[in-house]
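Asks: Below are the structure tokens for one structure; questions will follow.
The values are calculated or read from the model by the stated rules, or taken from the named source; none is laboratory data. This one's a predicted model, so the numbers in the text were calculated from it and none came from an experiment. Glycine gets a Cβ as well: all are built from the backbone with ideal geometry, and neighbour counts include every protein chain shown.
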């Protein structure tokens, strides 16, 4: 098999070639899945450095256990299932701390239109991360696989041992829960702004009131 044509070959053919001794072809599978796995692990772990380590660990573990892969199932589903359980183990081992300051670097934006847009984008990212953190790891996994990755329920079913109909309901519940969380966060922000305006108005009122 020619190395430059591996992008045209199916996962199953590449896996079979690697298992037959062409181990250098595993690099093609790494190139194809490393970014996808990083994104998936990141949305489960909510921590950049840990997600990078998890992605590398999963790819190494997949290579070591390649002999266990069954050709009747999707290789990507097999890989995501391995990543899911690996991330769950990591979540059990570490304490869940507030990670927002670690996820976002100081903005450092100048007072320009581009800087304002960048600030808004990062604020939206921060809110998204906070909302996702209020979901369970399983709920985040389902949303990433279905909504972000566009996986079919049949593919997801190879990682989660449930029927497509049951998985559809779980995704719908997770999506509804996320929307509810977003709504609650927006209400909290509105109340905080209203409280701040009321306090500012009270302070201004006291400062201009006539002294007796």
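Asks: Taking the condition surrounded by 18 or more Cβ atoms within 10 Å (Cβ to Cβ), out of contact with any strand residue (DSSP E or B) (no Cβ under 6 Å at 6 or more places or on another chain) and at pLDDT below 90, does residue 46 pass?
Replies: In short, yes.
Results for (1) within 20 Å of residue 45 (Cβ to Cβ); (2) surrounded by 15 or more Cβ atoms within 10 Å (Cβ to Cβ); (3) not assigned by TED's automatic domain parsing to the domain that holds residue 36, shown as yes or no for each residue.
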position	(1), (2), (3)
139	yes, yes, yes
150	no, no, yes
153	no, yes, yes
159	yes, yes, yes
173	no, no, yes
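Asks: If a residue must be over 21 Å from residue 23 (Cα atoms) and either crowded, with 18+ Cβ neighbours inside 10 Å or touching a strand residue (DSSP E or B) at 6+ places or on another chain (Cβ under 8 Å) (or both), how many such residues does the range 67-76 contain?
Replies: Residues that pass the stated criteria total 0.
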